[in-house]
Ligand code: GRF
């Protein structure tokens, strides 16, 4: 039986750079009533991101803040911060956003920015996590939702999901199985935050 959620939905701004399959899972869970949230905007640093199309199909406002359209990195992040602030989100959700947010941004939304990372943190921070796990002969791999701090993939872990590594796994097969888990745990982490969120 579907569980109905009664408290006020929290507002999310989701930052993406690419496919947006995690964004899609969040939108689907909001639509099916298992996640008490509203995506008030999707912002991408990549104007071609498929995730922008997914958002538009769900009627969510989108913005592209393109690094190439800004003279400096500082200008780019100032614009990004401005855009995010303009939506006054309860929570900023990084869903495949492939940039490291600067100190000023993280400080502005302290303990209000979540990220999903495709490894069992603290193992395999950074890129190419699936291949690195295979190369290391790991038996298990997975994904972590964590709070964002100034340290790359270093903030406190909120929830993890594990998958078993199979002998015939490639980085791609492993990525696909981990992604299935990502789609489950991100909404759970957001819902846990929403449940405890006190609205003013
Ligand atoms: C996911 O594996 C996520 O963990 C990582 O980037 C990927 C984004 O996938 N940070 P998608 O854009 O949500 O499909």
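Observations on the model:
- Global form of region 41-200, assessed from the alpha-carbon gyration tensor, a/c cut-off 1.5: prolate
- Counting every other Cβ atom within 10 Å of each residue's Cβ, 156, 162, 182 order from fewest to most as 156, 162, 182.
- FRET efficiency, residue 172 to residue 8 (Cβ-Cβ, R0 41 Å, nearest 0.05): 0.50
- Cα gyration tensor category, rounded, prolate or oblate, for region 51-123 with a/c compared to 1.5: rounded
- When 135, 90, 196, 28 are sorted by how many other C-beta atoms sit within 10 angstrom of their C-beta, beginning with the fewest, the order is 196, 135, 28, 90.
- Most mobile listed residue (149, 103, 129) in the chain, GNM with C-alpha springs under 10 Å: 103
- Cα gyration tensor category, rounded, prolate or oblate, for region 115-192 with a/c compared to 1.5: oblate
- For the chain, adding -39500 (n - 2.57) for each run of n ≥ 4 DSSP H residues and dividing by the number of residues yields -11000 deg cm²/dmol at 222 nm.
Only the coordinates and a few stated rules stand behind these numbers; no lab work does. Fair warning: this is a prediction, and the values are worked out from it, not measured in the lab. Methodologically, a virtual Cβ is constructed for each residue, glycine included, from the backbone with ideal geometry; neighbour enumeration extends over all protein chains shown.
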